[in-house]
Amino acid sequence: MSHKHTRYDVIVVGAGHAGCEAALACARLGKQTALLTFSLENVALMPCNPSIGGSGKAALVREIDALGGEMGKNCDATLMQGRMLNTRKGPAVQSLRVQLDRKFYQRRMKYVLETTPNLFLKEGLVTRLLVENSRAAGVRLRDGTTLYAPVVILATGTYLDSEIHIGDVRYPGAPQGQHPAVELARNLRELLPVVRFKTGTPPRINLRSLDYSKMMKLEGDNPLEGFSFETGSIEIEQVPCWVTYTNEATHAVVQANLHRAALYSGAITGTGPRYCPSIESKVVQFPERTGHQVFVEPEGWQTNEGYLSGLSTSLPAEVQIELLQTIPGLENAEIMRWAYAIEYDCLDPFCLESSLMTKEIAGLFCAGQINGTSGYEEAAAQGIVAGINAVRFLNGQEPITISRSQAYIGVLIDDLVTKGTTEPYRMMTSRAEHRLYLRMDNADARLTPLGYEVGLISEERYAAFTAKQEMIKREVERLKTAPVGGDPATNALLREIGTPELRHGVTLAELLRRPEVSYEQLGMLGELPDLPQTVRRAVEVLVKYEGYLRKQQAAIERFERMEERLLPKDIDYIKLRGLSREAAEKLARIRPRSLGQAARISGVSPADVNVLMIYLETQKRSEK
Amino acid sequence: MTDQTIAAIATALGEAGIGIVRLSGSTALDIADRIFVTRHGIRPSTLPGYSVRYGRVVDPVTNRTIDEAILLVMRAPRSYTGEDVVEFQCHGGVVVVQRVLEAALREGARLAEPGEFTKRAFLNGRIDLSQAEAVMDVVRSRTEASLAVAVDQLEGSLSRRIGAIREHLYDLVVRVEAVIDYPEDDIPEMEMDEMADVIREGIAELDRLIATADQGKVLREGLKAVITGKPNVGKSSLLNRLLDEQRALVTDIPGTTRDTIEEVLNLKGIPLRLIDTAGIRESVDLVERLGVERAVQLLKEADLIIHVLDGSVPLTSEDFQILARTKDKQRVIVINKSDLPRVWNLSDLPGDDLQGAKVVEISLLEGELDPLVDGIVELVTHGMIREGTSSHAIVTRARHKAALEHAKADLEQALATLEQGLPLDLISVGLQGALEHLGEITGETVRENVIERIFAQFCIGK
């Protein structure tokens, strides 16, 4: 075998959502990148819901897109239904959620990978990570070959020593009937701190066997605004989802069989996520509830398989049948795949830097579920950051760090490396301090300049971006100066809109700040410039909520002052006089990059932060 | 320096001749402009460094004079901290200094962290590098001392009262956040009216808390100290001795009823309203007297009980009854007539009834009053305001009060947002802000608690 086939700049292990984004970022930035997967049939697999987006997660997808990632475009191209959630709850929390054709999603992503220059998609099972002098050197495969690269990105998902539980039956296994990565897991345990997590899925059924008259139909929004800033509006024929409810009969079945559920029999020891509870957890923890929602989600255009969202369970197969028989519409459901729970190894994220490189092994990056997260969006977000930083590592550049005040991606990574996680980590908008700024509509304003700077945003796209920003700015300025009102004709129109009359003239911006007045309605009072929908939306948010946004901006500036004060990597915290012992130990372990990050570590008190500040100043002065 | 302007009381609280409130930071002079009026109307911000001016500190809201004071201006970088520094030298009473500090905080200064002036001096190059470790020690020890005080205070009623209001706000925030983060789960949305009610209640409760946390007010009105004891143990002499001893006799409070004597005196900077129950007719049997509504009421309302016992005569049931009746109160037990032979021991008093009381033996006829005065002061301040030590307790309270006020402002903002019909994510800014300010008092991380509670309260996720 020639060198060409064994030597790369970057090796990405795992072609799930994190691995795909990581490999694409590396290859698009010009690095020879090998992307390894167990099975070429399972690239970009969604082993859980065939769905992407939702609260917090939708912003992540937008951010990935704003940086130059693929997930948003892949969603837009393969969705079957989509809805904007939280439309009445405010600009910051509106979030798109789409149902996808699972196979189509995979096929398109695979094709993108296959056609990206510098990217080499390969089937192969990695059994060992090669490390030389605390530096990543390559990977060994089960087929006996060895691939070499100075950077390895691990994006192994839930496959590390994974075990499937179906009630009291358990066996080593992975999603979609695949095999666990047992040898690699053993190898990693020797190198890095490992914890064990679990997650679960519901049964898949044949959609022909359901009684739709007993369920509620859920339609999507049509047309639909896409995830990618480059997509625009999507108008396709969508498919509906369906909603039904569990009832007391269902819960009785669960109660009667609780001792056989892997989660409750003690067979599963890993920590599961609280936000994705199994039906047995729901019944045990919320006994007062007489019903829980179940969503029937179609898996694709060309399949009759359906996903029963809300019914994730570790109960045995025959109990699953009994369970469905109690639920309206699902009484005769044919189960095609059993629900299962899966336990897997993942890393304790404290071993990572904010760049997603491991602290102990240079050139080894990790992204996705291996870092203790859950969700396709969270995985992809880490993937693109790991990819960008892998390239910067190879180029000898400083890694990029996305701040908490800049993006959900920043919140995600900072939470992981600063606080660690005791359950699979899911993004929620409540985790962000500056939620009003971290909106879906302005993800491009927040991150596209960075994407351009690192090289993932083309000149053409960047030009379109700056033109859009210019349009927004100009329209905001126009609204702030354009006079309106004070005359009977306008007042008649205002009455029509349903807002109080104006006794004297104001600016259009002032009028728009009234909660009941929309940007589009300003068109009744005078001609609006011909602007794209996304620009109109952005203008509306900026003007309507200006006061709140300005306050948030001030808070962000205060926050950033602490983030900008960097802590040298080589501080010997244990010897630093004045730190409490707990603080010293935590700081030594986590090695925060900034004073701000240090202050967020539990156990680091304001007094400890003061000590660090004084230490920084002494260092600065003694350098002079 | 872009850091916020900080303010603190720079002198030990108590009976010192002057009290200094110090401000440091870029807006120190602007704040001085708003709260200090010089005699000739010169704005402090127009003064050059090292200027001294006589004038009045005024409450910017009411425009009332708080105190006459001397203003000292030092300009960056030639000041202790290297920033613009303003000092107000006041008359020194706890009340006055506290109110001057509050005025500065209201006008935008932030209460200085312990040791922060020293820290800034160091960070701005005003303290030599060789002193870095000393600075570190100062910062650390002061922070820890103040933390200890904060913890002490938290065991008190403030944390309990914050507890109730916090719970209501958490319930609200958790519901709002759950609805936002889990839009597809069938979580019942809160009615706007219901939400407004909870916020209004929160504001009202915060108002009540601010009123009680307002030490200035408590101290202005004085702590109510009731002198009690059976007849002829020396209650009147106690009152007279205390009044004689203190220069700072203020006034008779008009309108008090004839059967009690009420005097205001200043005990080491702590104003005390001293009420002598001797005024209640003593010919009536004490037991019966305790049943008299007025006396019972007085004991109930008292912030402090001074119970006088006679060490030279045997204890009687009256003594024990008063002890039992007042055992939930802050008490100083004065064992008088120490010049005469003692006929009983401390151990003769019931231990249960004596818990937490400060016992002082004294001769009101000839002895020094110091132990009694110290005992009273220590009890009143929980030993936190001592001569020669820094003013942690006062400062911590000012911090709490500022946090309460910020929390209230945030709730008001949330309410205004809600009333304007603006969406949930904007309302939540104020709600979360309020919780975070309360969290500054209790030292908890609100964001994580909210997430914990969402999962504990709602069955969400698929």
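The values are calculated or read from the model by the stated rules, or taken from the named source; none is laboratory data. If you're wondering where the values come from, they're calculated on a predicted model, not measured in any experiment. Cβ coordinates were reconstructed from backbone atoms using ideal geometry, including for glycine residues, and neighbour counts include every protein chain displayed.
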Out of (1) surrounded by fewer than 19 Cβ atoms within 10 Å (Cβ to Cβ); (2) more than 11 Å from chain B (Cβ to nearest Cβ); (3) over 25 Å from B:Ile427 (Cα atoms), the odd one out for A:Ile457 is which?
-> (1)
Mind counting the residues in region A:502-521 that are part of a loop (DSSP other than H, G, I, E, B) and within 14 Å of another protein chain (Cβ to nearest Cβ)?
-> 6
Which members of region A:360-404 meet the condition of being under 15 Å from A:Pro424 (Cβ atoms) and either among the β-branched types (Val, Ile, Thr) or in the same structural domain as A:Ile590 (by TED's automatic domain parsing) (or both)?
-> A:Ile370, A:Thr373
Where residues in region A:560-594 are touching a strand residue (DSSP E or B) at 6+ places or on another chain (Cβ under 8 Å) and assigned to a helix (DSSP H, G or I), which of them is modelled with the highest pLDDT?
-> A:Glu563
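Just name the residue that is nearest to the other protein chains (Cβ to nearest Cβ) out of those in region A:319-341 that are in contact with a Ser or Thr (Cβ under 7 Å, 6 or more places away or on another chain), assigned to a strand (DSSP E or B) and not hydrophobic (A, V, I, L, M, F, W, C). Quick ask: steps written out before the conclusion?
We begin by selecting, within region A:319-341, every residue in contact with a Ser or Thr (Cβ under 7 Å, 6 or more places away or on another chain); these are A:320, A:323, A:326-330, A:332-334, A:339-341.
Now restrict to residues that are assigned to a strand (DSSP E or B): A:334, A:340-341.
Retained after the next criterion (residues that are not hydrophobic (A, V, I, L, M, F, W, C)): A:334, A:340.
Values: A:Glu334: 21, A:Tyr340: 16 Å.
Ranking the candidates gives A:Tyr340 first.
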Going through region B:445-462 in order, the residues found to be among the small types (Gly, Ala, Ser) and surrounded by fewer than 16 Cβ atoms within 10 Å (Cβ to Cβ) are B:Ala456
Restricting region A:72-93 to residues that are hydrophobic (A, V, I, L, M, F, W, C) and touching a strand residue (DSSP E or B) at 6+ places or on another chain (Cβ under 7 Å), which is surrounded by the fewest Cβ atoms within 10 Å (Cβ to Cβ)?
-> A:Met84
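Only residues that are more than 19 Å from A:Arg404 (Cβ to Cβ) and not small (Gly, Ala, Ser): list them for region A:534-549, please.
At the first step, the residues of region A:534-549 found to be more than 19 Å from A:Arg404 (Cβ to Cβ) are A:534-547.
Correct list: A:Thr534, A:Val535, A:Arg536, A:Arg537, A:Val539, A:Glu540, A:Val541, A:Leu542, A:Val543, A:Lys544, A:Tyr545, A:Glu546.
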Only one of these conditions is not met by A:Ala554: (1) within 12 Å of chain B (Cβ to nearest Cβ); (2) within 32 Å of the chain's Cα centre (by Cα); (3) surrounded by 14 or more Cβ atoms within 10 Å (Cβ to Cβ); (4) among the hydrophobic types (A, V, I, L, M, F, W, C). Which number is it?
-> (3)
What's the number of the condition A:Lys586 fails, among (1) of a type outside the set (A, V, I, L, M, F, W, C); (2) within 14 Å of another protein chain (Cβ to nearest Cβ); (3) buried (at least 17 other Cβ atoms within 10 Å of the Cβ)?
-> (2)
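I'd like the full set of residues that are within 13 Å of another protein chain (Cβ to nearest Cβ) and in contact (Cβ under 8 Å) with a residue 40 or more places away in the chain, limited to region A:589-624. Walk me through it before giving the result.
Of region A:589-624, the ones within 13 Å of another protein chain (Cβ to nearest Cβ) are A:595, A:599-624.
Answer for region A:589-624, where residues must be within 13 Å of another protein chain (Cβ to nearest Cβ) and in contact (Cβ under 8 Å) with a residue 40 or more places away in the chain: A:Arg600, A:Ile601, A:Ser602, A:Leu612, A:Met613, A:Tyr615, A:Leu616, A:Gln619.
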Is it true that some residue in region A:304-318 is over 30 Å from A:Arg589 (Cα atoms), within 14 Å of chain B (Cβ to nearest Cβ), buried (at least 19 other Cβ atoms within 10 Å of the Cβ) and touching a His at 6+ places or on another chain (Cβ under 7 Å)?
-> yes
What pairs can you find where one residue is in region A:43-57 and more than 12 Å from chain B (Cβ to nearest Cβ), the other is among the β-branched types (Val, Ile, Thr), and their Cβ atoms are less than 7 Å apart, with a gap of 6+ or different chains?
-> A:Val43/A:Thr37; A:Pro47/A:Thr201; A:Ile52/A:Val61; A:Ile52/A:Val98
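Can you tell which of A:Thr78, A:Thr116, A:Thr127, A:Thr156 is under 13 Å from A:Ala44 (Cβ atoms), in contact with a Leu (Cβ under 8 Å, 6 or more places away or on another chain), more than 14 Å from every other protein chain (Cβ to nearest Cβ) and touching a residue at least 24 places away in the same chain (Cβ under 8 Å)?
Values: A:Thr116 fails: under 13 Å from A:Ala44 (Cβ atoms); A:Thr127 fails: under 13 Å from A:Ala44 (Cβ atoms); A:Thr156 fails: under 13 Å from A:Ala44 (Cβ atoms).
Going through A:Thr78, A:Thr116, A:Thr127, A:Thr156 in turn, the sole match is A:Thr78.
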Any idea which of (1) at pLDDT below 70; (2) surrounded by 19 or more Cβ atoms within 10 Å (Cβ to Cβ) is the one B:Val174 doesn't satisfy?
-> (1)
Reported set for region A:522-549 where residues are assigned to a helix (DSSP H, G or I), of a type outside the set (A, V, I, L, M, F, W, C) and within 14 Å of another protein chain (Cβ to nearest Cβ) is A:Glu540, A:Lys544, A:Glu546, A:Gly547, A:Tyr548
Residues of region B:48-81 being assigned to a loop (DSSP other than H, G, I, E, B) and buried (at least 20 other Cβ atoms within 10 Å of the Cβ), in sequence order, are B:Ser79, B:Thr81
Examine region A:188-196 for a residue that is buried (at least 19 other Cβ atoms within 10 Å of the Cβ), in a helix (DSSP H, G or I), within 14 Å of another protein chain (Cβ to nearest Cβ) and over 22 Å from the mean Cα position of the chain (by Cα), and state whether such a residue exists.
-> no
Mind listing just one residue for me: the one in region B:423-444 that is within 8 Å of another protein chain (Cβ to nearest Cβ) and without any contact (Cβ under 8 Å) to a residue 12 or more places away in the chain and, of those, surrounded by the most Cβ atoms within 10 Å (Cβ to Cβ)?
-> B:Leu426
From the list A:Tyr105, A:Tyr111, which one is free of Cβ contacts under 8 Å to residues at least 24 places away in the same chain and away from every other protein chain (no Cβ under 11 Å)?
-> A:Tyr111
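Go through A:Thr499, A:Thr490 for me and flag whichever is at pLDDT below 95, among the β-branched types (Val, Ile, Thr) and not in a helix (DSSP H, G or I).
Working: A:Thr490 fails: not in a helix (DSSP H, G or I).
When all the criteria are applied, what remains is A:Thr499.
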Could you say which residue among B:Val97, B:Val86 is modelled with pLDDT under 85 and crowded, with 20+ Cβ neighbours inside 10 Å?
-> B:Val97
Is it the case that region A:342-350 has a residue that's of a type outside the set (S, T, N, Q), out of contact with any strand residue (DSSP E or B) (no Cβ under 9 Å at 6 or more places or on another chain) and more than 14 Å from every other protein chain (Cβ to nearest Cβ)?
-> yes
Out of all the residues in region A:37-44, is one or more of a type in the set (Ser, Thr, Tyr) and surrounded by 24 or more Cβ atoms within 10 Å (Cβ to Cβ)?
-> yes
Just wondering, is there one or more residues in region A:58-66 that are within 19 Å of the chain's Cα centre (by Cα), among the basic types (Lys, Arg) and surrounded by 24 or more Cβ atoms within 10 Å (Cβ to Cβ)?
-> yes
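If a residue counts only when it is over 25 Å from A:Leu45 (Cα atoms), at pLDDT 90 or above and within 14 Å of chain B (Cβ to nearest Cβ), which helices (runs of 4 or more DSSP H) contained entirely in region A:225-300 have at least 1 such residues? Steps first, please.
Numbers: elements: A:248-256, A:262-265, A:279-285.
Helices (runs of 4 or more DSSP H) meeting the threshold: A:248-256, A:279-285.
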